[in-house]
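Inspection log for the structure reproduced underneath, given as C-alpha cells.
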Amino acid sequence: MKRYEMPPSFRLKIDRDLCVACKRCTDECGFGVLSYDHEAGRIKAEHARCVACHRCMVYCPQSAITVEADTHAYQQSAAWPVHLREQVYRQAATGGILLTAMGNAMQYESIFDRLVLDACQVTNPSIDPLREPMELRTYLGSRPDSLEFEQEGGYRLKTEVPPQIRLETPVLFSAMSLGALSLPVHKSLATAARTAGTFLNTGEGGLHEDLYPYAENIIVQVASGRFGVFDKYLRAAAAIEIKIGQGAKPGIGGHLPGEKVGDEVAATRMIPAGTDALSPAPHHDIYSIEDLRQLVFALKESVEYSKPISVKIAAVHNIAAIACGVARAGADIIQIDGFRGSTGAAPTIIRDHVGIPIEIAIAVVDQRLREEGLRNRVSLVAGGSIRSSADLAKAIALGADACAIGTAALIALGCRVCMKCYTGNCSWGITSQRPELYGRIDPHEGAERLVNLLRGWSLELKEILGACGVNSIESLRGSRMRLRGIGLDAQTLEILGVSAAGASC
C-alpha cells in the first residue's frame, strides 16, 4: 500500500531531552516500530506500524515515550465516516478480506449499560456480606426434575444426578486455543482456574502435554477441525464442549495462520508445523439436531457418561429455537456467545455486523427453555463482552447460570486490545508464538493477576447480592424483577422481560 493512501493511526512522541537512547524500546516493540538511527545517534519511529500496544511507553526507563492518536483531518461526510473510507483504501490496495481480532468495535449500544439492579431497603432489608455468608458456588450440568432421599441413619440422596462441574464463583475462562494464545498464557489460565476453583476451556487447539496435570479444571473442545482430539484428551478433562459457533464470527470457520503454528502448537493440534490450521464453517457430520445428538452421545459414550457435554453456539436471531434443539439433543450445558465476543482472527465485516447481543440471547433462551419445560435439562453459560462484576450479575439475573470471560482475562494479563492478535506480533507475548515475545509472560505472575481479578469480582458480586437482599447466586438467577431498564425502548424491555425504571411493577 502506498504511504499516502493510509495515514498512520498513531504517532509516537519521543522526548529528546529525556531519551538516553538505551534501546530498551526497540527490544520491547513486537511490531518493528522503533529502531536505532546510528547516524543520528537516536531512536526513530515508523509511525505507520504503531498499533498503540503501549509496550514501549510502559517499559521506557526514562518515561520519554508517549503514544497519541494521529489526528489528521478528513472532509466530513455523514454517509462516509472515516473508518469506512479507510476500509475501502485498504481493500483497494490488497484485494483481500480485511482481518481483525478481539471483539466488535462498532458503536452499538451496550444493553448491560442500560440495565440497573434493584436494591432492598427498610421492609425487605439488605444483607451485609461482611457478616453473613454468601454462596457463590455454582454447578453446571443437567439437573433432575426432582430429588428423592432415603433415611438410613441420616438422609442419603437416592436420585442419580447427572455429572456436574463445580465452580466456586460463577465465572470461567472462555475458549481460547493454544496458537491463538501462547503457552505461558494457557499455563497462567490453568493455574488460576485450579487456584480459584473454576475452569479453563482449551478452545479448538488441543491440550498441551504440560497442562494435563491441570485437567480437573479444564474443559476440552471438539470443533469442526477436530484439532488435537483423541481418547486421552477427552478422558482427561472435567467436561467436553462441542463448538458449533462463536460470537465474533457466527457461521464461519477458524483460521490459525501457519506462521503461528510452531512445533509445540503443531504437536498439540496434530498438524504439520508451519501449515495453516483451517476449521470448516460447519461440522461436516452435523446438519441437523439428530446429527448433533449423535455426536453428543458418542462423546458421552467415549467417557462412560462421566462428564457433562456442553455445546457452544453463537447468538443469532433464532437462538431460542436453536438452544431448545440443543437441549433436546442431550447437551448438559449450553454456552451462548454474543456478538461482542472476541476472537484471535476474523473478517472485520463478520465481527462487526453479524449476530445479536448476549443480553437479548440470554433472555430469550432462558424464557423459551422455561416455556418448553427444558430449563432444568441444561445450564446456561453466557459470554461475549462480560466486562465487570456488574455485567456478570445482570447476565445471571437475565437467566444465565454462569459467565465466561476471555478479553477481561487477557486484559488482566496486560492486553491493550490493539486488535492485532492475528499477526502474532503481540508485544506483551499474549497472542504471539515468537519465543522472544511469549517469554515475557511469567505464568506464576499471570495466574496471580487472574486470581486477583476473580477474587475482586467475587467480592463485588457478594456486595450486589447483599444489596438485593439475597445470600446465594441461585436466588439471583433468572430473577428479572431485580432489573430495571433505563433508556430502552418498549419492545426491547418486553423481549428482555424487564420493567422500565420507575414503573410500578
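The values are calculated or read from the model by the stated rules, or taken from the named source; none is laboratory data. On a predicted model such as this, the values are computed, not experimentally measured, just so you know. Note: ideal-geometry Cβ built from the backbone for every residue, glycine included; neighbour counts use all protein chains shown.
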Sort out for me the helices (runs of 4 or more DSSP H) sitting completely within segment 259-374 that have 1 or more residues that are among the aromatic types (Phe, Trp, Tyr).
289-302
I'd like the residue in segment 20-42 that is of a type in the set (A, V, I, L, M, F, W, C) and touching a strand residue (DSSP E or B) at 6+ places or on another chain (Cβ under 6 Å) and, out of all such residues, is farthest from LEU437 (Cα to Cα).
ALA21
Flagged in segment 92-143 as part of a loop (DSSP other than H, G, I, E, B), of a type in the set (Asp, Glu) and in contact (Cβ under 8 Å) with a residue 12 or more places away in the chain, in numbering order, are ASP118, ASP128, GLU132
Considering (1) without any contact (Cβ under 8 Å) to a residue 60 or more places away in the chain; (2) charged (D, E, K, R); (3) closer than 15 Å to SER174 by Cβ, say which one ARG328 fails and leave the rest.
(3)
Give the residues of segment 297-325 that are in contact (Cβ under 8 Å) with a residue 24 or more places away in the chain and among the charged types (D, E, K, R), sorted by residue number.
LYS300, LYS307, LYS312
Hey, can you tell me all the residues within segment 183-213 that are over 12 Å from ALA237 (Cα atoms), surrounded by fewer than 24 Cβ atoms within 10 Å (Cβ to Cβ) and not hydrophobic (A, V, I, L, M, F, W, C)?
PRO184, LYS187, THR191, ARG194, THR195, GLY197, HIS208, GLU209, ASP210
Filter segment 430-448 down to the residues that are part of a helix (DSSP H, G or I) and crowded, with 18+ Cβ neighbours inside 10 Å, then identify the one that is farthest from the chain's Cα centre (by Cα).
LEU437
Counted residues, segment 60-91 - those being within 30 Å of ASP15 (Cβ to Cβ), among the small types (Gly, Ala, Ser) and free of Cβ contacts under 8 Å to residues at least 24 places away in the same chain:
1
Could you grab me the full set of residues in segment 67-77 that are modelled with pLDDT of 90 or more and either among the small types (Gly, Ala, Ser) or surrounded by 14 or more Cβ atoms within 10 Å (Cβ to Cβ) (or both)?
VAL67, ALA69, SER77
May I ask you to list the residues in segment 250-294 that are of a type in the set (Gly, Ala, Ser) and more than 21 Å from the chain's Cα centre (by Cα)?
GLY258, GLY262, ALA266, ALA267, ALA273, GLY274, SER288
Of the conditions (1) in contact (Cβ under 8 Å) with a residue 40 or more places away in the chain; (2) among the aromatic types (Phe, Trp, Tyr); (3) not assigned by TED's automatic domain parsing to the domain that holds ALA393, the single one that PHE173 does not satisfy is (3)
So how many residues does segment 400-420 have that are touching a strand residue (DSSP E or B) at 6+ places or on another chain (Cβ under 6 Å) and assigned to a loop (DSSP other than H, G, I, E, B)?
4
What about GLY466, is it within 23 Å of the chain's Cα centre (by Cα), small (Gly, Ala, Ser) and not assigned by TED's automatic domain parsing to the domain that holds ALA193?
no
Considering only segment 343-356, I want to know if a residue exists there that is closer than 25 Å to GLU474 by Cβ and either modelled with pLDDT under 95 or crowded, with 19+ Cβ neighbours inside 10 Å (or both).
no
All positions within segment 28-77 that are within 23 Å of GLY414 (Cβ to Cβ), touching a helix residue (DSSP H, G or I) at 6+ places or on another chain (Cβ under 7 Å) and in a loop (DSSP other than H, G, I, E, B)
CYS29, GLY30, PHE31, GLY32, VAL33, CYS60, PRO61
Where residues in segment 50-64 are touching a Leu at 6+ places or on another chain (Cβ under 9 Å) and of a type in the set (A, V, I, L, M), which of them is nearest to ALA101 (Cα to Cα)?
MET57
Testing ALA180 on (1) closer than 30 Å to THR100 by Cα; (2) surrounded by fewer than 22 Cβ atoms within 10 Å (Cβ to Cβ), one condition comes back false. Which one is that?
(2)
Output the residue which, of all residues in segment 449-474 that are in a helix (DSSP H, G or I) and among the small types (Gly, Ala, Ser), is surrounded by the most Cβ atoms within 10 Å (Cβ to Cβ).
GLY466
Can you spot a residue in segment 432-440 that is of a type in the set (S, T, N, Q), in contact (Cβ under 8 Å) with a residue 12 or more places away in the chain and within 27 Å of ASP352 (Cβ to Cβ)?
yes
When only residues in segment 27-48 that are buried (at least 17 other Cβ atoms within 10 Å of the Cβ) and free of Cβ contacts under 8 Å to residues at least 24 places away in the same chain count, which is nearest to GLU5 (Cα to Cα)?
VAL33
Look through GLY247, GLY228, GLY254 and report the one residue that is of a type outside the set (A, V, I, L, M), in the same structural domain as ALA408 (by TED's automatic domain parsing), within 22 Å of ALA412 (Cβ to Cβ) and buried (at least 24 other Cβ atoms within 10 Å of the Cβ).
GLY247
Of the residues GLU86, GLU150, only one is more than 29 Å from the chain's Cα centre (by Cα), of a type in the set (Asp, Glu) and either not assigned by TED's automatic domain parsing to the domain that holds ALA346 or not in a loop (DSSP other than H, G, I, E, B) (or both); which?
GLU150
